[in-house]
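K.L.:
Quick one: the structure is below, and I'll ask about it shortly.
The values are calculated or read from the model by the stated rules, or taken from the named source; none is laboratory data. Note that the structure is predicted; figures quoted are calculated from it, not measured. Cβ atoms come from the backbone with ideal geometry, glycine included; neighbour counts cover every protein chain shown. Protein only, heavy atoms only, side chains kept; ligands, DNA and RNA dropped before computing areas. Shrake-Rupley method; radii C 1.70, N 1.55, O 1.52, S 1.80 Å.
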Amino acid sequence: MRRVEQVMGLPVAIDVRDERVSGAAVDAAFCWLKRVDSLFSTYRRDSQIARLNRGELSEEDAEADVREVLAACRRLRERTGGAFDAEAAARAPGARNRIGCADGRSGAVEPAGYVKGWAIDGAWDVLWVAGARNAVVDGGGDVIVRGRPEPDRAWRVGIQHPLIEDRVAAVLEPGEACVATSGAYRRGAHIVDPRRGGAADAVLSVTCVACDLATADALATAGFAMGRSAAGWLARQPDVEAMVIDDSGRTLTTPGFDALRVDAPRKVPGSPRRAPSSDIDPPGVTQVERSSSCLPAGR
Amino acid sequence: MIATAAATAGLLSFHPSRSATPVATEPKATTTGTTATTNRSKATSSGGSTTGGKRTLTGAVEETRYGAVQVQVTVSGRRITDVRAVQLPGADNPRSDQISSYAGPELRAEALQAQSASIDVISGATYTSEGYKASLQTALREAGV
C-alpha cells in the first residue's frame, strides 16, 4: 500500500508492503504528521511554536512533544558546536518574516530542522504498532527503510547527485537504517551556517545514515552548515555514517557508509574499520567505533 | 524556505568540470518498475506516437492538491530518453507555481536515473510531486520499460 500526502510542506510517501496493515494505520500515521505540523509550523499563527515565539506561551506550558523537541534542539546545538541552532534558524533571512517566527526576536526558535526527521520517526512508530515491518517512509527525500520491499531483495536508496541531475551519487542498501541528505541543490541555499550568517556553501551535499531519522536529518543539516569541516566531524560521531560531496566535487565517505553501498565494492566483513580506501581521513582523527546496532559495525 | 531557481542555478555552477563521478547504472533487461510507485494501479496512459524508433507516450492526468499533472516520456527501444511534464499545476496559486518549477526538472531527473538502478527511493529529493510520478508511471507502463 502506497500513499502520498503533502504535509509539513513536504510530499510524504508511505509505502507499506505488509498485507496485514490496513489503510487505517496509514491514515493514523498521516494524522500524526498533521498534528506535528499544527504544533510546530512557523507558517501557522496558532502553532505552539508561533505562540512561544510571540511570548504567549511558555515552554513549561507547552505540549510534551514541543518540550521534547526543544530539549533535543538544545542538545544538538551543544553537540554540533552551534552548527545546528534552532534560534539562529528563526533569525535567518527567509524565516524571520514568517508569521510564526515573530521577526526573529530574541529567544524565538525554528526547530524545523529537527522536527521533520523526528516527525517521520513518529510516523514509522505508528505504522510499527499497527504491524508494519516492511515499509518505506519518505519525507521529502529523507527516508526510513524497514524490512524488505519483497522477500528476496533489500530496499535500495539512491543518493541524489548534487551536480548531475539525472544521476545518483551512491546507491545504498541501508538495511534498517535511516538516510537523510542536506544540500544546496534542491531548495536553493536553505541552510544557513549560524556561525557565519551566510549560506553554507563549501559542500554541495551531506548524507547521513543513522538508526533514527531525527539524528540522520539533524546531523546532515549540521554537517552541511559546517562546510568543509563536516567530513572530519561526522567521522568522529559514534551514531552516524556519512557521505560528503564538497564544492570541488570530491566525495568523502566513512568506511561504514561504503559498507552499505551497492554501487561500490563492499568492504570484507571483519576488515579494519579504517580501511585504506577510506576517504575521510582528517589529520589526527581516528574514526570512533560505532555504537549503533543498525549500522554496519554493530552487525 | 524556498529559494529562487536562480540561486539554485548559481550554486550548481561550482566547478562543474570537477564534479564527482556519477554512478554508472546499467539498464536492466527486464525492469520491474522505476520506483516503488509501480505498485499503484492507475488509469492507462494515452496518446502515444512513434518517430524513427522513438516513441512518445503521455501518462494519465493525475489530480493533485495543487492541480493537474501530466507527464510525457520519450522511449527509444527500452530506454527512456526524455521525460517532460506536459501539464503542471497552474499560476492560480503561488505555492503551486513554486512546486511546479521545482517538481518538473527534479522528477525528470529521478525518472531518468531510477529506470536503470532498481532504486526504491531517493534521498535528497525535496519537493517532488507525486502526481508527476504517478502520471509518469502510467506512461512507462504503456511504453513497456
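K.L.:
Report the label-to-label distance for A:Arg105 and A:Glu78 in nanometres (one decimal), using points 7 Å from each Cα along the Cα→Cβ vector.
P.N.:
With each label placed 7 Å out from Cα toward Cβ, I get 2.8 nm.
K.L.:
Calculate the mean, over all residues of peptide A:137-148, of how many other protein chain Cβ atoms lie within 10 angstrom of the residue's Cβ.
P.N.:
Mean partner shielding for this stretch: 3.
K.L.:
Could I ask something else about it? So what does B:Lys54 come to for accessible area, using a 1.4 Å probe and Å² rounded to 10?
P.N.:
Approximately 90 Å² of B:Lys54 is accessible to the 1.4 Å probe.
K.L.:
Each label point is 7 Å from the Cα along the Cα-to-Cβ direction; what then is the distance between the points at B:Ser76 and A:Arg236, in nm?
P.N.:
Here the modelled spin labels are 5.1 nm apart.
K.L.:
If R₀ is 30 angstrom, what is the calculated FRET efficiency for the pair A:Glu60 and A:Cys31, using the beta carbon separation as r and rounding to 0.05?
P.N.:
So the FRET efficiency works out to roughly 0.65.
K.L.:
With a 1.4 Å probe, what is the total accessible area buried between chains B and A, in Å² rounded to the nearest 100?
P.N.:
Protein heavy atoms only, the B-A interface buries about 4300 Å².
K.L.:
As an exercise, use a Förster radius of 35 Å and the Cβ-Cβ distance of A:Ser248 and A:Tyr43 to find the FRET efficiency, rounded to the nearest 0.05.
P.N.:
It comes out at approximately 0.45.
K.L.:
Give me, ordered by chain and number, the residues 5 or more places off A:Asp142 or on other chains with an amide H under 5 Å from its own placed amide H.
P.N.:
B:Gly124
K.L.:
Here's a follow-up. Would you mind putting A:171-183, A:125-137, A:20-32, A:58-70 in packing order, based on average other-beta-carbon counts within 10 Å, highest first?
P.N.:
A:171-183, A:125-137, A:20-32, A:58-70
K.L.:
According to the square roots a ≥ b ≥ c of the eigenvalues of the Cα gyration tensor, what is the shape class of the range A:36-114, taking rounded for a/c under 1.5, prolate for a/b larger than b/c otherwise, and oblate for the remainder?
P.N.:
Note, shape of the range A:36-114 comes out oblate.
K.L.:
Which part of the range A:116-134 falls in the paramagnetic zone of A:Arg3, meaning amide N under 12 Å from the point 7 Å along Cα-to-beta-carbon?
P.N.:
Under cut-off, by backbone N: A:127.
K.L.:
Might you report the magnitude of the Cβ-based charge dipole of the range A:2-113 about its Cα centre, with Lys and Arg at +1 and Asp and Glu at -1, to the nearest 20 debye?
P.N.:
300 debye
K.L.:
Residue separation times 0.36 nm, minus the C-alpha to C-alpha distance between A:Ser293 and A:Ala202: what's the value?
P.N.:
So the extension gain works out to 29.6 nm.
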